[in-house]
Each structure stands twice: as C-alpha cells, then as structure tokens.
1. Give me the net charge for the shell around residue 189: Cβ to Cβ below 13 angstrom, other residues only, Lys and Arg +1, Asp and Glu -1.
2. Find out how many positive minus negative residues lie around residue 68, taking Lys and Arg as positive, Asp and Glu as negative, among other residues whose Cβ is under 12 Å from that of residue 68.
3. May I ask which residue of 308, 389, 81 lies farthest towards the positive end of the charge dipole of the chain, with charges of +1 (Lys, Arg) and -1 (Asp, Glu) on Cβ and the Cα centre as origin?
4. Tally the DSSP beta bridges in the chain and give the antiparallel ones as a percent, rounded to 5.
5. Taking K and R as +1 and D and E as -1, what net charge do the other residues with C-beta under 14 Å from the C-beta of residue 338 add up to?
6. For a protection proxy built on the mean count of beta-carbon atoms within 10 angstrom, sort 248-257, 65-74, 52-61 highest first, please.
7. Which of the trypsin sites (Lys or Arg not before Pro) found in segment 119-212 are in a DSSP loop and have at most 12 neighbouring Cβ atoms, other than their own, within 10 Å?
8. Which of the trypsin sites (Lys or Arg not before Pro) found in segment 394-499 are in a DSSP loop and have at most 11 neighbouring Cβ atoms, other than their own, within 10 Å?
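Readers should treat all values here as calculations from the given coordinates under stated rules, not as data from a laboratory. Source: prediction; values computed, not measured. Note that each Cβ is placed from the backbone with ideal geometry, even for glycine, and that neighbours are counted across all protein chains shown.
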Amino acid sequence: MKKYVMALDQGTTSSRCVVFDRGMRVAAMAQQEFPQIYPQPGWVEHDPEAIWQTQRGVMLEALDRLGADPGEIAAAGIANQRETTILWDGRTGEPLGNAIVWQCRRTAERCALLKADQAFAARVRERTGLVVDAYFSASKIQWLLDSVPGARAKAEAGRLRFGTVDAWLVWKLTGGAVHATDHTNASRTMLYDTARLRWDPELCQAFGVPLAMLPEVRPSSGFYGAFRLKGVEIPLLGVAGDQQASLFGQGCTAAGQAKNTYGTGCFLLMHTGQTRRTSAHGLLSTMAATLGSEPAYALEGSVFIGGAVIQWLRDGLGIISSAPETEALALSVPDTAGVYLVPAFAGLGAPWWDMDARGALLGLTRGATKAHVARAALEAIAYQCTDLVRAMEQDAGMRLERLSVDGGACANSFLMQFQADVGNLAVRRASVLETTAFGAAALAGLAAGFWSLDDLRGGAPSGRTFLPAMPEARREALLAGWREAVARVRSRQGGACQS
Ligand code: ADP
C-alpha cells in the first residue's frame with residue numbers, strides 16, 4: 001500500500017510542495033520563492049518558466065526531505081493561484097511572454113468600459129457568476145492577443161494555447177500531452193458558462209478569444225495524466241484553484257458549509273451544493289471543486305484589508321513590533337472603549353462596494369491607548385467577515401452555523417473568539433495550516449482511492465473550536481456601533497450593493 005499523496009501548491013509569491021501521509025499529516029515540505037515582475041505601476045507579471053522550474057524544484061526537494069522511494073507516492077494534485085493568464089505555443093511549448101498575474105490592473109480601463117454596458121455586465125453575471133473585472137483571465141488573454149506581435153494570427157491558426165497556472169503545470173508535467181483545466185479554474189476566466197458547463201461562445205467572441213486555444217475542462221478530482229519523478233510514474237489526479245482547494249481541504253463539500261482564510265486579505269467561500277446562487281450583495285458566484293460531471297457551486301466574498309490592518313499597525317503606525325503581539329494587547333483591555341477602526345484603505349468591498357470610501361479611527365477619547373486601537377483593528381477584521389457571512393446567508397437562504405478557518409491571522413485566538421462571538425457561529429480552526437495544499441492532496445487522494453469521501457468529510461485535522469459566548473444584547477450593540485462607523489466612512493456616491 002502506498003503511503004503518501006503529493007500536493008503542488010503554486011501560489012502568487014512562491015511554489016510549494018507538501019507531502020501528506022494517510023493520517024493527513026505533513027510528512028515533508030519544500031518552498032521556493034520566485035520573482036515578481038512589475039513592468040509599470042499597477043502591472044504584475046510572472047515568468048512562466050520560473051513558475052515551472054520552482055515547482056519542479058520543490059517537488060524534488062520535498063521528495064529528498066521525505067527520504068522515501070517515489071514509488072510510495074500514490075498520486076499528486078495541484079492547487080494554484082487563480083486567474084493568472086499564460087499563453088504558449090502548442091507545438092514548441094514556448095510561452096508567449098510573461099504570465100499576467102491576477103493582481104495586474106492593465107486591463108482595468110477596458111473592463112470599466114465593458115462594465116458600463118449594463119446588458120453586457122448582466123450577461124457576464126448570468127453566464128459566469130462574476131462581476132466584470134480585470135482580475136479575471138478574459139481581458140488578460142485579449143490584451144496578450146492584441147499586444148504581442150503575431151499573437152492573434154497564431155491564435156487564429158490554432159497554434160496558441162491558453163491556460164491558468166494549473167493548465168500550464170499540467171501541460172509541462174505531461175510533456176505537452178494534456179491541455180486541460182478544472183471547473184474551479186475555468187470558472188475564474190469570465191469565459192466559462194457555469195450553468196451549462198461549457199465555454200461560452202458569445203463571451204469568447206466579445207473578448208476575441210478563439211475557442212480552439214482554450215483547455216478542456218475536467219472535474220477537479222479525476223485523471224489528468226501522469227508524470228515521471230526520479231524515474232517513477234505518478235498519476236496527476238486532482239486540480240483546483242487555491243481558494244476552492246482550501247474549501248475542499250476544510251471538508252466543506254455540502255451546501256451551507258463555509259471556510260474563511262485570514263491572510264493579508266480574507267477569502268470567505270460558502271458551498272451552495274448543486275445550486276448556483278446569484279448574489280444580491282455583490283458577492284461572486286463561482287464553482288466549487290467537482291468530483292465528477294455533477295456541478296458544485298459556491299458563493300465567494302473577500303475582505304481587502306484583513307491581516308494587512310495588523311501590518312499597518314506595525315509598519316504604518318509603529319505601535320507594535322510583531323503581529324502576534326496584538327493578541328495580548330487586545331486582551332489587556334476589557335473592550336475598545338468605543339473605538340472603531342474601519343480599514344477602508346482601498347475602499348469597501350462586498351457587501352458595500354464603495355471604492356471611494358476611506359479608512360477612519362472613530363470614537364477616540366483622551367483615554368484611548370494603543371491597546372484599544374490594536375483591539376479595534378482585530379475586531380474590524382471580524383466585523384468585515386461577519387458582514388460577508390450575513391450577506392451569504394441571505395443570498396443562499398440558509399444559516400451558517402460553523403466557519404472553518406485557516407490563514408496566518410487565525411493563529412490569533414482573541415480574533416477567533418471575537419469572530420465566534422460577533423458572528424454568532426462556531427469557528428473551527430484547522431490544525432494543519434496547509435489547507436490549500438491539503439485540498440489538492442485530498443482531491444487527488446480521493447480519485448486514487450487513497451482516502452474515501454467519508455475520510456475527507458471532516459476536512460483537514462482541526463485544532464481548537466471557538467464557540468460563541470457573548471450575550472446577544474452586547475453583540476447587537478457592538479454590531480450597531482460597527483454599522484454606524486461604516487456609514488460614517490462611506491462616500492456620498494457609494495451605497496449600491498450590486499456592483
Ligand atoms: P498571505 O498568504 O496573504 O500572505 P498569511 O496567511 O501568511 O497571508 O497571513 C499573514 C497575515 O496575517 C499578515 O497580514 C499578518 O499581519 C497577519 N497575522 C499573522 N499572524 C498574526 C497574529 N498572530 N495576529 C494577527 N494577525 C496576524
């Protein structure tokens with residue numbers, strides 16, 4: 001019986017490889033950073049070869065650290081940074097310049113024009129569940145086809161391939177034999193009809209993308225191909241975008257189950273089963289990892305400034321020297337003494353969608369100290385996530401009773417308890433903090449018969465669960481204060497829920 005499953009976790013700043021044993025524990029891990037390329041303000045690129053070389057490097061490194069025969073690896077799975085766009089020559093495998101990274105804003109103006117066309121924006125939302133934005137792959141593909149000399153002619157002659165990072169890795173791993181992606185990654189391109197499960201010809205035409213360059217779309221768990229590692233053949237049996245991999249890794253496979261990742265920003269996803277829900281609060285509707293031809297959907301919302309508000313306390317205000325310090329600091333006072341920090345540094349996302357709002361520190365009195373401010377910063381992370389939870393509950397018509405959490409800032413137990421209290425839900429913290437990698441391993445391990453769906457329903461091994469313990473009257477008073485603070489930072493034109 002084989003002993004391990006390997007996850008290739010290809011992130012925005014680094015490539016990682018994590019090997020899990022049958023007990024879902026990390027048996028070995030390796031990580032390599034790769035360069036971020038900023039050709040102009042607001043533009044972000046990666047070298048596709050650097051992505052591939054670092055990913056290959058960490059696979060070999062993790063295997064060395066594991067010290068086991070590669071024949072002990074039952075399967076491999078991929079979790080990847082989403083939306084990042086790569087074009088390459090289908091014959092030579094040569095990339096057509098750098099990858100355009102999800103964060104890149106070079107097509108923002110073009111997308112703003114498209115979004116102003118309400119019929120088009122409505123069609124995008126109806127077909128893809130997304131809001132027209134430069135974030136997604138469609139306008140990035142179009143930019144490459146229009147800007148790289150000869151690209152369009154090559155695409156029309158059927159010689160160019162498009163892929164998000166997963167498809168690029170699948171292609172490289174299989175030596176150019178397989179051009180495929182999974183439902184979750186396809187659902188982030190803004191070209192995929194997530195109701196009919198096919199590339200949408202009208203949207204492809206609108207963005208000038210020939211259908212022939214798009215990858216075949218497959219279930220997230222299933223056979224993609226095989227590759228050789230130190231002479232041994234390993235089947236590639238799972239692929240999912242990072243947030244959906246983490247949703248699966250947290251055991252959220254049925255309607256009403258949700259996870260939240262507390263990183264620089266926060267990513268909250270709620271599984272909605274086989275029903276595609278349209279949001280009335282500006283949330284995205286996206287695909288969750290699929291186990292076969294049946295679709296699976298999720299609602300997704302994000303908080304722009306999550307852990308980043310703690311970085312600001314450290315680097316902007318200089319009132320702390322490290323992020324973990326905020327826990328003891330917050331607990332050193334019984335409450336914020338009425339102080340609210342609204343970290344709308346770059347506007348407010350769902351459910352407010354007010355890009356002109358700016359941050360504020362409110363309710364200060366002469367007695368306010370850095371402990372109150374640190375506590376208000378942590379509480380603000382939880383309030384913003386609570387706003388998303390309530391929006392999702394309304395969109396999905398169901399109550400969320402438990403939130404599975406991961407990410408760097410979930411190490412803060414004050415924050416987790418406050419999240420449970422103010423959100424009035426149980427917060428279950430993963431003990432394996434590699435839930436994204438674990439999700440990729442789980443999708444592959446499931447297809448390999450290494451784990452069963454029953455094994456995986458519990459998700460990554462959990463550590464502590466935080467239960468709500470705050471009296472309702474206090475919760476309501478705190479939330480009313482937060483809503484008032486948000487109202488005071490909103491711009492005059494802000495306010496539309498639908499973006
Ligand atoms: P990302 O993957 O987005 O880079 P991580 O998951 O590594 O982020 O989390 C890092 C973020 O979490 C940083 O913004 C940091 O300020 C915050 N953070 C890390 N540890 C703590 C802590 N103990 N308390 C509060 N915030 C923390």
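1. On the way: positive: 82, 127, 140, 188, 198; negative: 83, 133, 166, 182, 193, 200.
After counting each charged neighbour, the total is -1.
2. Combined, the nearby Lys, Arg, Asp and Glu give 0.
3. Checked the options; the winner is 389.
4. Of those bridges, close to 70 percent are antiparallel.
5. Taking every other residue near residue 338 into account, the sum is +1.
6. The peptides rank, most packed first, as 248-257, 52-61, 65-74.
7. Values: sites: 123, 125, 127, 140, 152, 154, 159, 161, 172, 188, 196, 198; in loops: 159, 188, 196.
Here the sparse-neighbourhood loop sites are 196.
8. The qualifying sites are 399, 492.
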